[in-house]
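Visitor: Below you'll find the structure I mean.
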Amino acid sequence: MSADATIRPVKGGGSLSRRMIGIAAVWIVVLLAGGGFALDRVLSSAVTQNFDDQLEYVLRSLLVSAEIDPIGEVSFNREPADQRFLEPYSGLYWQVSAKGHEVFPSRSLWDRQLGFGAAHNDRAVHIYDSEQFADEKIRVVERDVTLPRSTVRWRFQVAQSRDGLDAQIQTLRRTLVRSFLLLGIGLLILAALQTFYGLWPLRQLRDEIALMRAGRANRIAGKMPIEVAPMVEELNGLVAHNETQAEEARRHAGNLAHALKTPLTVIMNAATAGSDDLADTVVREARTMRRQVDHHLARARAVGRRGSAHSRAEVWPSVESVDRAVARLYPHVRIDMDGVKTAIAHIERQDLDEMMGNLVENAAKYGGGSVFVTVGVQAGFVEIMVEDDGRGIPEEDRQRIFDRGVRLDSGKPGTGLGLAIVRDVAEIYDGTVSLEESEDLGGLLVRLRLPAAG
């Protein structure tokens, strides 16, 4: 099965472009609709107010020129100047009415009259719409006054057809709708262009990743905006990390193959020659191969788990569990512990247990019966010190002891891989391990430093 066949396609969650344009479209429509409605109300009110002001002006002119004639009726000392008052059904009318008196209308009313009711008192200007004429909607401005030398309450009315006012409002609304529609289309086009241009680096990133997958590039090298650059850096870091792991895997595979080659050659030669000690040779070389396999498996496990950014292990529980296990193997050994009980290291718990098991078991095996474990935190690292009261290791041999299979004391069972595994696993997690002389117990002091987890 090819590598591509094992890659599951990512389920699409919708288009970012459509989402962004859709959100922009909804917001633009809401804003333009709200703004258009508010603007329509303001402008319509302004046009209507201007229309009413003109009618009030005519009404005031009538009031100023009105007087009572000798027979007690209203007359005007100056006729309104607008000629439409003289044209029948011109759309502009006035009328003076009073209870018990004949209606005094403008000539433009002809055979019609403006309705008036005596039930209410319009001492202030009263403006309203009326549909009293079947073929014409009118807007009426009226006021009740009592003229000098008269006790009668006269109602002065000025009315005008709403056709002109409604036409102005409709023209205004058509202009608003067309303008806002054009503005909305322009804003949507702008949002689409902005989205296309803004998401262009993601398309470029996709092309760069495609080149990496095709083997024509090993890094994303193009310049990216500052918002995308951190993701590109992390992606390049992930690629570098995978390359490092792959290289480590190839190197360890080669090392393992090389380490197994010599024992296999020895076994094959002994078998071919019919050696009398063939069985002993097989056992001895098999033990050697087992040590090499154990060593490289430990490294492979640590390398595989190192990629987890969430690797965290509490040090004190690990030390306690190792203490219980070693105490059963070496009941005569006293193991004491002290230090920071809340220390957390950036390492997998299984790897920490393996390293602590090797260190504490070595101290119990080669010491004089006393082991002291100290846990501390210093400068971003968790420091674990394992001391024993044994003979220690001469300074000239401290570096050599980390080599695979090296044992300074061949009188006790073991593979000689304990410290080598501890060193390799610590280095994988960017830690260190060093050997010193214990000032308190006089034996060996192993100082293990691992990065502290935040």
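Visitor: Can you name the residue in the range 237-253 that is surrounded by 13 or more Cβ atoms within 10 Å (Cβ to Cβ) and either among the aliphatic types (A, V, I, L, M) or within 20 Å of residue 200 (Cβ to Cβ) (or both) and is also farthest from the chain's Cα centre (by Cα) among such residues?
Guide: 249
Visitor: Now a separate question. Quick one: which of 380, 376, 390 is under 51 Å from the mean Cα position of the chain (by Cα), at pLDDT 75 or above and surrounded by 13 or more Cβ atoms within 10 Å (Cβ to Cβ)?
Guide: Numbers: 380 fails: surrounded by 13 or more Cβ atoms within 10 Å (Cβ to Cβ); 390 fails: under 51 Å from the mean Cα position of the chain (by Cα).
Sole residue among the options that is under 51 Å from the mean Cα position of the chain (by Cα), at pLDDT 75 or above and surrounded by 13 or more Cβ atoms within 10 Å (Cβ to Cβ): 376.
To keep it simple, each residue is scored yes or no on (1) exposed (fewer than 11 other Cβ atoms within 10 Å of the Cβ); (2) at pLDDT 95 or above; (3) over 57 Å from the mean Cα position of the chain (by Cα).
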| site | (1), (2), (3) |
| --- | --- |
| 22 | no, no, no |
| 44 | no, no, no |
| 76 | no, no, yes |
| 113 | no, no, yes |
| 117 | yes, no, yes |
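Visitor: In the range 363-373, what count of residues is obtained for those that are surrounded by fewer than 21 Cβ atoms within 10 Å (Cβ to Cβ), in contact with a strand residue (DSSP E or B) (Cβ under 8 Å, 6 or more places away or on another chain) and not in a loop (DSSP other than H, G, I, E, B)?
Guide: Step one: filter the range 363-373 for residues surrounded by fewer than 21 Cβ atoms within 10 Å (Cβ to Cβ), giving 365-366, 368-370.
Then keep just the ones that are in contact with a strand residue (DSSP E or B) (Cβ under 8 Å, 6 or more places away or on another chain); that gives 366, 368-370.
If we keep only those that are not in a loop (DSSP other than H, G, I, E, B) as well, we get 366, 370.
Number satisfying all stated conditions: 2.
Visitor: In the set 169, 189, which member is modelled with pLDDT of 90 or more, of a type in the set (Val, Ile, Thr) and surrounded by 13 or more Cβ atoms within 10 Å (Cβ to Cβ)? First the steps, then the outcome.
Guide: Details: 189 fails: surrounded by 13 or more Cβ atoms within 10 Å (Cβ to Cβ).
Going through 169, 189 in turn, the sole match is 169.
Visitor: Of all residues in the range 89-144, count the ones that are in a strand (DSSP E or B), in contact with a strand residue (DSSP E or B) (Cβ under 7 Å, 6 or more places away or on another chain) and of a type outside the set (Ser, Thr, Tyr).
Guide: 19
Visitor: List the number of the failed condition for residue 401; all other conditions in (1) surrounded by fewer than 16 Cβ atoms within 10 Å (Cβ to Cβ); (2) at pLDDT below 85 hold.
Guide: (1)
The values are calculated or read from the model by the stated rules, or taken from the named source; none is laboratory data. None of the values given here were measured: they were computed from a predicted structure. A quick note on method: Cβ atoms are made from the backbone with ideal geometry, for glycine too, and the neighbour counts reach across all protein chains shown.
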